[in-house]
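J.: Sharing a structure with you now.
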Number of protein chains: 2
Amino acid sequence: MPPEDAAAEAVALIWANLRAVDSHGVLRIPWYLDNIEKGIMNPRPNIRVVKETPATMLIDADHALGPVVTIQAVHRVVEKAKQVGICWVLIRNLTHQGALGFYTQMIAEEGLAGILFVCSPPNMAPYGARTTGVHNSPISIAVPAKKHLPLNLDMATSVVAGGKIWLAVDKDVLIPEGWGLGKDGRPTTDPRKVEALLPVGGPKGSGLAIMFECLSSIMAGNALIGPTLLGREIGPSTTGQTGPGIGVRPNYVRKNVQNGVVAAIDISTFTDVEGYKENIDDLIDAVKALPRAEGFSEILVPGEPEQRAFNQRSRTGIPLPEGTIRNLLSVSEKYDVRFPSTV
Amino acid sequence: MPPEDAAAEAVALIWANLRAVDSHGVLRIPWYLDNIEKGIMNPRPNIRVVKETPATMLIDADHALGPVVTIQAVHRVVEKAKQVGICWVLIRNLTHQGALGFYTQMIAEEGLAGILFVCSPPNMAPYGARTTGVHNSPISIAVPAKKHLPLNLDMATSVVAGGKIWLAVDKDVLIPEGWGLGKDGRPTTDPRKVEALLPVGGPKGSGLAIMFECLSSIMAGNALIGPTLLGREIGPSTTGQTGPGIGVRPNYVRKNVQNGVVAAIDISTFTDVEGYKENIDDLIDAVKALPRAEGFSEILVPGEPEQRAFNQRSRTGIPLPEGTIRNLLSVSEKYDVRFPSTV
């Protein structure tokens, strides 16, 4: 792939690792390479704007790696939002975007409010189901502050993100009950046996995930959930209804297509930007100053735990689990790429 | 107030009762009347568009009753979304909107996707706090289907909506632990003692609520959370940091101002509308056909429980708890309004 595209992917992964979002960091590299080899991720995509209005765009990513197309989309969405107040972009046929907070933070750093969410084929049990039937679609929302760093929420609609299950595999530890269901439709604590993630708040996480599919995949003319569940294949490498266990690094990869929304709101359309940022500062200060619940030494606002990790890790480095290093070593040998001496 | 505005409010309340969302139904009437008497809700508002672009509007509601201004906003947002693909409207200084699903359903019935969320002064403990510090901002998202009724998610960012606590008071029943905290910052099962709702999914519900304040109140230049917590009064009847107990019908009402987002997305901007609706049908059919988890006799999609109740209640009537009837009787006497013989 073009060096600048490889750099975009690397920046997105290391952005996550530096913020202790290791589930969306370099542990994904072997899986990405596997996807590229199988023709699922396209290292030389023909990214094009399919439709456009003053306030919207529909972009076809041609199976580009997530950061390659999404960084382009962020630049366009910011530009267009500044014209009419909001820009709402759908990207279809992209592949794994990594941590969504990376992109909303870019938008917030431009002084706008950013919203992203994304959908993939099913990996989560809808409320009331014992197998996968919806994606644990994450959403990120970020806004700029003045003296503080941007508020940045980045959350999956499942109890935990799928990558946290992978991480438990790499660390060889058990997971708490309530994170996922096994093949028998019952809760499991073995991360290798997770077949379906569970939604946060039951019908709430489940409902958000269903609506995000409606606003992204179906809106982009690229429905993922319905066709997958109804057995209408979405690609030669689709593995069918449930796919490989989420906790298992798949030997056989489903066509890992995503569709997502990238939106930006221009603050100056509605209110004074400097006043806005000061109000965000006040909100942060006020929430952090509240009396704490038992067992809490501090109240953290969205994005703050990641920022703490960044401050630490940009000084002391990124601790990688043995399993992740082993997997990275193995692909570096396979592709004859020099393994960084600093790892 | 003008009869057509009273009718708008009545329709919104009964829409909720017919769908068994009794927490947002006629049980609110005594509280609304109290708010009107105290000058908090304005029966003769001067609603005006403060700012406008082809894709956005900022509306000042002048403390209108929620449905009065929001129904107007829905008509404008649909009209404008059809021009440029999306319209994103901020309403500031409105008062209680009732069930948000009422408005998103209107948008979906026009063939567009609808998104609403709204913020009020604090009634929920942010993750890690023992007192209120954020509003349990609800969000509703609805999209149209073809053979099915619209998918319609309507959820608070708390474990349950505040009205569910009121309903427990009216029914004189205990609430499960985990719904709210008492004055001492500990969980309580007495609905009369709830001082702070708890967020769904801990940092997730809490984070969404914080970001909704940033996208609605602060964006509309009418910050609610920060100024309230920092002790900068937002009106003569503000009661300060925590306000009256949520489970107590307040004698002393805080200035119950809200700010909200009303957005619509025109499906035809991105994809074929008929195909879209068929895909929503497929999604509904596919999710409902999944193997069920233990203890579930059926998988319900967003909006379906409410629709079931509507089918039932529009035939057999709306069962009201004794407490609600007592409160309605009391205000009907106070204002010398004939009490409906059908109650």
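The values are calculated or read from the model by the stated rules, or taken from the named source; none is laboratory data. Remember, it's a predicted structure, so these values are computed and weren't measured experimentally. Every residue, glycine among them, receives a Cβ derived from its backbone with ideal geometry; neighbour counts consider all protein chains shown. To get the accessible areas, we keep the full protein, side chains included, count just its heavy atoms, and leave off ligands, DNA and RNA. Shrake-Rupley method; radii C 1.70, N 1.55, O 1.52, S 1.80 Å.
J.: Any residue in the stretch A:154-177 that is open to solvent by less than 30 Å² (accessible area, probe 1.4 Å), modelled with pLDDT of 90 or more and of a type in the set (Phe, Trp, Tyr)?
T.: Taking every residue of the stretch A:154-177 in turn, none turns out to be open to solvent by less than 30 Å² (accessible area, probe 1.4 Å), modelled with pLDDT of 90 or more and of a type in the set (Phe, Trp, Tyr).
J.: Is it fair to say B:GLY207 is more than 12 Å from chain A (Cβ to nearest Cβ) and closer than 29 Å to B:ALA263 by Cβ?
T.: Against the criterion (more than 12 Å from chain A (Cβ to nearest Cβ) and closer than 29 Å to B:ALA263 by Cβ), B:GLY207 does not qualify.
J.: Under the condition of being over 14 Å from the mean Cα position of the chain (by Cα) and surrounded by 24 or more Cβ atoms within 10 Å (Cβ to Cβ), which residue from the stretch B:129-141 is farthest from the other protein chains (Cβ to nearest Cβ)?
T.: Within the stretch B:129-141, the match that is farthest from the other protein chains (Cβ to nearest Cβ) is B:THR132.
J.: Pick from the stretch A:213-227 the residues that are more than 7 Å from chain B (Cβ to nearest Cβ) and open to solvent by less than 10 Å² (accessible area, probe 1.4 Å): which of them is modelled with the lowest pLDDT?
T.: A:LEU224
J.: Return the total of residues in the stretch A:157-200 being closer than 13 Å to A:ASP22 by Cα and away from chain B (no Cβ under 13 Å).
T.: 10
J.: Being in contact with an Asp or Glu (Cβ under 7 Å, 6 or more places away or on another chain) and among the basic types (Lys, Arg) narrows it down to one residue among A:LYS147, A:LYS164; which is it?
T.: Exactly one residue qualifies, and that residue is A:LYS147.
J.: Let me ask something else about it. Pick from A:LEU153, A:LEU112, A:LEU116: which is touching a Pro at 6+ places or on another chain (Cβ under 6 Å) and within 13 Å of another protein chain (Cβ to nearest Cβ)?
T.: Exactly one of A:LEU153, A:LEU112, A:LEU116 is touching a Pro at 6+ places or on another chain (Cβ under 6 Å) and within 13 Å of another protein chain (Cβ to nearest Cβ), namely A:LEU153.
J.: With the condition being modelled with pLDDT of 95 or more and crowded, with 24+ Cβ neighbours inside 10 Å, I'd like the helices (runs of 4 or more DSSP H) fully within the stretch A:20-122 carrying at least 3 qualifying residues.
T.: Here the list reads A:66-84, A:101-109.
J.: From the residues in the stretch B:163-193 that are aliphatic (A, V, I, L, M) and assigned to a loop (DSSP other than H, G, I, E, B), which one is nearest to B:TYR127 (Cα to Cα)?
T.: B:ILE175
J.: Working only within the stretch A:52-86, note down all residues that are within 14 Å of another protein chain (Cβ to nearest Cβ) and within 20 Å of the chain's Cα centre (by Cα).
T.: Passing the criteria: A:LEU58, A:ILE59, A:ASP60, A:VAL77.
J.: Among the helices (runs of 4 or more DSSP H) lying completely within the stretch B:260-343, list those that include at least 1 residues that are within 14 Å of chain A (Cβ to nearest Cβ).
T.: B:273-288, B:304-316
J.: When you look at A:LYS146, is it open to solvent by 10 Å² or more (accessible area, probe 1.4 Å) and outside any loop (DSSP other than H, G, I, E, B), yes or no?
T.: no
J.: Another question, if that's okay. Please name all residue pairs, on different chains or six or more residues apart, with Cβ atoms under 9 Å, provided the first residue is in the stretch B:291-315 and is of a type in the set (Phe, Trp, Tyr) and the second residue is modelled with pLDDT under 95 and open to solvent by 70 Å² or more (accessible area, probe 1.4 Å).
T.: none
J.: Shifting gears a bit: Of the conditions (1) more than 17 Å from A:PRO203 (Cβ to Cβ); (2) of a type outside the set (Val, Ile, Thr); (3) within 12 Å of chain B (Cβ to nearest Cβ), A:PRO126 fails just one. Which one is it?
T.: Going through (1) more than 17 Å from A:PRO203 (Cβ to Cβ); (2) of a type outside the set (Val, Ile, Thr); (3) within 12 Å of chain B (Cβ to nearest Cβ) one by one, A:PRO126 breaks only (1).
J.: Looking only at the stretch B:317-334, count every residue that is open to solvent by 80 Å² or more (accessible area, probe 1.4 Å) and closer than 18 Å to B:ASP34 by Cβ and tell me the total.
T.: 3
J.: Quick check on my filter: what residues within the stretch B:1-14 are open to solvent by 40 Å² or more (accessible area, probe 1.4 Å) and either part of a loop (DSSP other than H, G, I, E, B) or not small (Gly, Ala, Ser) (or both)?
T.: Answer for the stretch B:1-14, where residues must be open to solvent by 40 Å² or more (accessible area, probe 1.4 Å) and either part of a loop (DSSP other than H, G, I, E, B) or not small (Gly, Ala, Ser) (or both): B:MET1, B:PRO3, B:GLU4, B:VAL11, B:ILE14.
J.: Scan the stretch A:288-316 for residues that are open to solvent by 60 Å² or more (accessible area, probe 1.4 Å), more than 20 Å from A:VAL21 (Cβ to Cβ) and touching a Phe, Trp or Tyr at 6+ places or on another chain (Cβ under 9 Å) and jot them down.
T.: Residue satisfying the conditions is A:PHE296 alone.
J.: Another question, if that's okay. Report yes if A:GLU37 is more than 14 Å from chain B (Cβ to nearest Cβ), closer than 22 Å to A:LEU329 by Cα and free of Cβ contacts under 8 Å to residues at least 24 places away in the same chain, otherwise no.
T.: Yes, satisfied.
J.: Taking the stretch A:327-343 only, how many residues are modelled with pLDDT of 90 or more and closer than 17 Å to A:ASN17 by Cα?
T.: Here the count works out to 2.
J.: Next question, about the same structure. Are there any pairs with C-beta distances below 9 angstrom linking a residue in the stretch A:48-59 that is under 8 Å from B:THR269 (Cα atoms) to a residue that is among the charged types (D, E, K, R) and open to solvent by 70 Å² or more (accessible area, probe 1.4 Å), with the two at least 6 apart or on different chains, and if so which?
T.: Sorted first by the residue in the stretch A:48-59, then by its partner, the list stays empty.
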